[in-house]
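Working notes, structure below.
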Amino acid sequence: MTDTFFVAIDGPAGSGKSSVSKQVARRLGFGYLDTGSVYRALAWQVRSRGDSTDEPSAVEAAFGAFEPAISLDPDDRSIFVGDTDVTDAIRTPETTAAVAGVAKTLSVREKINELFRRIVAEAPQPGVVVEGRDITTVVAPDAPARILLTAHPDVRAARRSAEMGSADVAKVAEAMRQRDASDSTVVDFMNAADGVVAVDTTHLDFDQSVDAVLTVIAERREGGRDGR
């Protein structure tokens, strides 16, 4: 690890990890890295080459020419692949559907994890809040602050539905269940590993969730890098 203070935050969709992580980064003056955007950008690159992410060889080939540049500003979600701004393109339903194939290509996941570590090491900010699904266990198992954000499935579905402006909570819940089931074949992001602090946001509002995470980080910063 470098001198950059690494805050690792994992959790399922709808747990609040993205919005909470951004606000935590703002409050601390840290950078914010949305690892999911990088996976989406690679899925976009595979599709832009006319290939399918269902083919591991296609994902590996696309990664060989993958040159992402992602903003660490929590108020700027821009991401480029080479000279192409893909900020909006990676959020289309087609790209979203293709992400699972990238996530299941283990050889590429290892290389992407190395990319995440390098981004944090080279960050100009004193720390970076990194959120995703295997950050606390695979990307940075030795990070000084490791947090798992959780919430009851019904609450997660309601939150995600509100974000999407969808009235069909049941449909959103099923989509989340399918995504969680798919991703869980690769990594366990529902249970806190040893040394990871679980923060259940089921009964917390946004500000309370942010404060809970900030409390954990403050304790780790005061206690030193070994988390004592």
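Does the stretch 15-23 contain any residue that is open to solvent by 40 Å² or more (accessible area, probe 1.4 Å) and more than 12 Å from the chain's Cα centre (by Cα)? Talk me through it step by step, then tell me what you get.
Start the filter on the stretch 15-23 by keeping residues that are open to solvent by 40 Å² or more (accessible area, probe 1.4 Å), which leaves 18-19, 22-23.
Filter once more, so that each one left must be more than 12 Å from the chain's Cα centre (by Cα): 23.
Yes, the stretch 15-23 has at least one match.
Does L33 meet the test of being at pLDDT 95 or above and part of a loop (DSSP other than H, G, I, E, B)? Give the derivation first.
Details: at pLDDT 95 or above: yes; part of a loop (DSSP other than H, G, I, E, B): no.
No.
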Handout entry: Flag if D10 is buried (at least 20 other Cβ atoms within 10 Å of the Cβ), of a type in the set (D, E, K, R) and in contact (Cβ under 8 Å) with a residue 40 or more places away in the chain
Key = yes
Handout entry: Top-ranked residue of the stretch 119-142 - restricted to ones that are over 12 Å from Y32 (Cβ atoms) and of a type in the set (A, V, I, L, M), ranked as surrounded by the most Cβ atoms within 10 Å (Cβ to Cβ)
Key = I135
Exercise for the section: Take the stretch 90-106 and flag every residue that is farther than 15 Å from D54 by Cβ and among the hydrophobic types (A, V, I, L, M, F, W, C). Expected result: I90
Completion exercise
Cβ pairs under 8 Å, 6+ apart or interchain, first in the stretch 203-214 and within 13 Å of S19 (Cα to Cα), second open to solvent by 60 Å² or more (accessible area, probe 1.4 Å) and not small (G, A, S), ordered by first then second residue, are V210/R27
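Identify, please: which residue in the stretch 82-118 is among the β-branched types (V, I, T) and part of a helix (DSSP H, G or I) and is, among those, most open to solvent (accessible area, probe 1.4 Å)? Spell out the reasoning first.
In the first step, residues of the stretch 82-118 are kept if they are among the β-branched types (V, I, T); the result is 84, 86-87, 90, 92, 95-96, 99, 102, 105, 108, 112.
Adding the requirement that they be part of a helix (DSSP H, G or I) leaves 90, 95-96, 99, 102, 108, 112.
Values: I90: 2, T95: 1, T96: 62, V99: 29, V102: 0, V108: 2, I112: 0 Å².
Within the stretch 82-118, the match that is most open to solvent (accessible area, probe 1.4 Å) is T96.
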Problem - Within the stretch 8-27, tally of residues that are more than 13 Å from Q208 (Cα to Cα), modelled with pLDDT of 85 or more and of a type in the set (A, V, I, L, M) - result: 3
Handout entry: Hey, R40 buried (at least 18 other Cβ atoms within 10 Å of the Cβ), on the phi < 0 side of the Ramachandran plot and within 14 Å of the chain's Cα centre (by Cα) or not
Key = yes
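Determine whether T215 is outside any strand (DSSP E or B), modelled with pLDDT of 70 or more and open to solvent by 50 Å² or more (accessible area, probe 1.4 Å).
Working: outside any strand (DSSP E or B): yes; modelled with pLDDT of 70 or more: yes; open to solvent by 50 Å² or more (accessible area, probe 1.4 Å): yes.
So T215 fits the description; yes.
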Practice task
Please give the number of the condition A157 fails out of (1) open to solvent by 10 Å² or more (accessible area, probe 1.4 Å); (2) part of a helix (DSSP H, G or I); (3) out of contact with any Leu (no Cβ under 8 Å at 6 or more places or on another chain); (4) among the hydrophobic types (A, V, I, L, M, F, W, C).
Solution key: (1)
Handout entry: Check on R40, touching a Pro at 6+ places or on another chain (Cβ under 8 Å) and either assigned to a helix (DSSP H, G or I) or of a type in the set (D, E) (or both)
Key = no
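Return the only residue of F80, F66 being among the aromatic types (F, W, Y) and closer than 25 Å to A25 by Cα. Give the derivation first.
Values: F66 fails: closer than 25 Å to A25 by Cα.
Answer to the check: F80.
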Handout entry: Residue, farthest from I90 (Cα to Cα), within the stretch 51-72, restricted to residues that are open to solvent by 70 Å² or more (accessible area, probe 1.4 Å) and part of a loop (DSSP other than H, G, I, E, B)
Key = E55
Exercise for the section: For E94, work out the one condition from (1) modelled with pLDDT of 95 or more; (2) closer than 26 Å to A157 by Cα it doesn't fulfil. Expected result: (1)
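The values are calculated or read from the model by the stated rules, or taken from the named source; none is laboratory data. Keep in mind it's a predicted model, so treat the numbers as computed, not measured. Cβ: placed from backbone, ideal geometry, glycine included. Neighbour counts: every protein chain shown. Keep in mind that these areas ignore ligands, DNA and RNA; they rest on the heavy atoms of the full protein, side chains included. Shrake-Rupley method; radii C 1.70, N 1.55, O 1.52, S 1.80 Å.
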